[in-house]
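One structure is given below, encoded as structure tokens.
The values are calculated or read from the model by the stated rules, or taken from the named source; none is laboratory data. Please read these numbers as outputs of a predicted model, since none were measured by experiment. We place every Cβ from the backbone using ideal geometry, glycine too, and count neighbours over all the protein chains shown. When the accessible area is computed, the model is the full protein with side chains, heavy atoms only, and any ligands, DNA or RNA have been set aside. Shrake-Rupley method; radii C 1.70, N 1.55, O 1.52, S 1.80 Å.
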Amino acid sequence: MQTAQQMDFPAPGTADFKVGHIISVTGAKVMASLISVPPGPDAARRLNEAVQIGALVKLPTTGSVAFGIVSSLATGNPSPSPEFGEQWVMEIDLFGEYLTPDSTSPDAALTFDLLRGVSLYPGLGDAVFATSPAELEQIYKRPRASNVKIGTLHQDARLPAYLVTDDLLGKHFAVLGTTGSGKSCALATVLHAILGAHPFGHVVLLDPHNEYRRAFDGLAEVVTPENLQLPYWLLNFEEMVEVLCSRDDNSRTSEAFILKDAILNAKRATVTNEDERRYITVDTPAPYPLSALLHNIEAAMGQLQKAEQAKPYLRLRSRIENLRADRRYSFMFSSLSVRDSLPEVISRIIRVPVAGKPLTIFDLSGVPSEIVDVVVSLLCRTLFDFAVWSDRDEAVPILLVCEEAHRYIPNERSLGFEPTRRVISRIAKEGRKYGLSLGLVSQRPSELSETILSQCSTLFALRMGNQRDQDFVRQALPESAEGMLNALPALRNQQAVVVGEGVVLPMRIRFDDLPETKRPQSDTASFATQWQSDGVPDGFVVRTLERWRKQIR
């Protein structure tokens, strides 16, 4: 090792601040031995600031300057006594470089464009330097493509952090982090930044807990079961089976067989043109009255030879009648008149025209739990089918954001609703070809479908303490950023590691502050404050029960 007398120890931040030399190169990983420092806390502090976990360092080669992220620090050769000295080792993950032709002047190097990946590797014994503030500014400078600012860099709070809009939205993204890490605020920050720069956007947000209404007050059309009709005839056959048929397999099979013929005949009966009738299938979104469906079931039941064969018919009829009478399902089954309202439904969902509200928030908290998966399947499938059949020259790009995504696309195929899983999978795999982008938000990354998550080219990783979640995210990453991911358990609120196509390079950021009025309503109740007094208003229980019974929020 270099001794303290042999080395020159300049102030950190200068371009020639040497912090070590290379002792091993393996693929994209480099091991380096740190320089020794003069005795005293100040010198040690300056070195530690330059090589802390997540810090950027540079490694000059014969024709380039490579950059890497410090991923670990260790004592490589422990000694039995401090006076003998010991070797300090750091591990570096390489992530990019800029080329330095012979004609390049030192000043020109400060205006470089960093390239992802490394073509020229440093050699054994080569020096490792701290990255200067000027170089850090160049590495994370504002992208030339359309971009938005969402926060500041962890390494230097004076430098802004940018997202590349088209790459973020065009190639899907995910916001992942444990409960309380700030996922909702992170998503609100990103959407506010994007919609602030693109006021005529088209964003659909599935909100299972009614968190985002306040955050986007004035910018969003909030859709609830009370103010939107999703007609039953929009459901495809699988979704109708899920809503109307029994849970046990034997009964479901017999009921589904009856239901299929009844639905198909009801749809065909509404079409008078024989040529158009040929195109009607059981999945065609064609309007038909529920009374026709009931009539077809009863007509088929009337042709039975034995009374005991009528059980599946009676169960179907009873289920349909109960749904029509249940107020919770009125947004789907209460309409007496049947008309083709699909154009109005689609226009409201995707905001055409925008009319000052580029975001549609679907408040799913009021949807009965037994059919919430069906409603999500219907919404996602409707958006996808509309995108597929839109004329490419006229189509508008749409962003679909799924909160609590692990509920709809679980890793276990036996869980969740298969049609919902299938349509979100199709959006993940094919959506960008049709201008339909996907944003996933989850507090349980390891419970998400790995296949679908791997289609998200940009990941916002917030604090995660669970090792299984960390390993899962590490496997799903579109590029190596292990040095930053190792810091996931220690991230503070409002901090995240962002990697993928939506950013120029992997970065650890602090999100911008959101005003109180723009924050999602997801704060935990203050037990300590509310349990200090018996301040429950008079009539609280009675009013709550009345809303519960009448299903009024």
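Each row is one residue, and each column tells you yes or no for (1) modelled with pLDDT under 85; (2) in a loop (DSSP other than H, G, I, E, B); (3) open to solvent by 60 Å² or more (accessible area, probe 1.4 Å).
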residue: Val504; (1), (2), (3): yes, yes, no
residue: Ser522; (1), (2), (3): yes, yes, no
residue: Gln532; (1), (2), (3): yes, yes, yes
residue: Val542; (1), (2), (3): yes, no, yes
residue: Trp548; (1), (2), (3): yes, no, yes
What helices (runs of 4 or more DSSP H) completely inside the stretch 121-232 contain at least 3 residues that are over 16 Å from the mean Cα position of the chain (by Cα)?
133-139, 183-197
With Ala109, Ala74, Ala55 as the choices, which residue is at pLDDT below 70 and under 38 Å from the mean Cα position of the chain (by Cα)?
Ala109
Result of the Cβ filter at 6 Å on the stretch 416-445, keeping first residues that are modelled with pLDDT of 90 or more and partners that are part of a strand (DSSP E or B) and surrounded by fewer than 22 Cβ atoms within 10 Å (Cβ to Cβ), at least 6 apart or interchain, is none
So which residues in the stretch 286-308 are open to solvent by 50 Å² or more (accessible area, probe 1.4 Å) and modelled with pLDDT of 85 or more?
Ser291, His295, Glu298
Looking only at the stretch 506-519, filter to residues that are in a loop (DSSP other than H, G, I, E, B) and either touching a Gly at 6+ places or on another chain (Cβ under 7 Å) or open to solvent by less than 70 Å² (accessible area, probe 1.4 Å) (or both); which one of those is modelled with the highest pLDDT?
Asp512
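Report yes if Asp156 is in contact with a strand residue (DSSP E or B) (Cβ under 8 Å, 6 or more places away or on another chain) and among the acidic types (Asp, Glu), otherwise no.
No, not satisfied.
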Failed condition for Arg324, given (1) out of contact with any Phe, Trp or Tyr (no Cβ under 8 Å at 6 or more places or on another chain); (2) of a type in the set (Lys, Arg); (3) more than 30 Å from Glu394 (Cα to Cα):
(1)
Please work out which residue is most open to solvent (accessible area, probe 1.4 Å), limiting yourself to the stretch 403-420 and to residues that are out of contact with any helix residue (DSSP H, G or I) (no Cβ under 7 Å at 6 or more places or on another chain) and closer than 30 Å to His198 by Cβ.
Arg407
Looking only at the stretch 78-93, count how many residues are within 16 Å of His21 (Cβ to Cβ) and either modelled with pLDDT of 85 or more or out of contact with any Ser or Thr (no Cβ under 9 Å at 6 or more places or on another chain) (or both).
4
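In the stretch 317-363, how many residues are of a type in the set (Lys, Arg) and within 27 Å of Cys402 (Cα to Cα)?
Pass one, the stretch 317-363, residues of a type in the set (Lys, Arg): 317, 319, 324, 327-328, 339, 348, 351, 357.
Still in the running and within 27 Å of Cys402 (Cα to Cα): 327-328, 348, 351, 357.
Residues that pass the stated criteria total 5.
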Which residue, of Arg339, Arg319, is of a type outside the set (Phe, Trp, Tyr) and in contact with a helix residue (DSSP H, G or I) (Cβ under 6 Å, 6 or more places away or on another chain)?
Arg319
Which pairs do you get when a residue that is of a type in the set (Ser, Thr, Tyr), found in the stretch 221-239, comes within reach of a residue that is open to solvent by 20 Å² or more (accessible area, probe 1.4 Å), reach meaning Cβ atoms under 7 angstrom, with the pair 6+ apart or on two chains?
Thr224/Gly366
Top-ranked residue in the stretch 126-149 [being open to solvent by less than 50 Å² (accessible area, probe 1.4 Å) and in contact with a His (Cβ under 9 Å, 6 or more places away or on another chain); ranked as farthest from Lys18 (Cα to Cα)]
Val148
Leu316 fails exactly one of (1) over 15 Å from Glu255 (Cα atoms); (2) more than 37 Å from the chain's Cα centre (by Cα); (3) surrounded by 13 or more Cβ atoms within 10 Å (Cβ to Cβ), namely (1)
A careful count of residues in the stretch 242-282 that are at pLDDT 85 or above, in a loop (DSSP other than H, G, I, E, B) and open to solvent by 60 Å² or more (accessible area, probe 1.4 Å) gives 1
I'm trying to understand the selection: among the residues of the stretch 159-203, which are more than 25 Å from Leu491 (Cβ to Cβ), touching a Pro at 6+ places or on another chain (Cβ under 7 Å) and either open to solvent by 40 Å² or more (accessible area, probe 1.4 Å) or not β-branched (Val, Ile, Thr) (or both)?
Leu195, Pro199, Phe200, Gly201, His202
Please verify whether Val271 is of a type outside the set (Ser, Thr, Tyr) and closer than 20 Å to Ser377 by Cα, treating the condition exactly as stated.
no
Is there any pair linking a residue in the stretch 51-64 that is free of Cβ contacts under 8 Å to residues at least 60 places away in the same chain to one that is open to solvent by less than 20 Å² (accessible area, probe 1.4 Å) and among the aliphatic types (A, V, I, L, M), with Cβ under 9 Å and at least six apart or on different chains, and which?
Gln52/Val70
Checked the stretch 446-464 for anything touching a residue at least 60 places away in the same chain (Cβ under 8 Å) and open to solvent by 10 Å² or more (accessible area, probe 1.4 Å); matches are Gln455, Ser457, Arg463
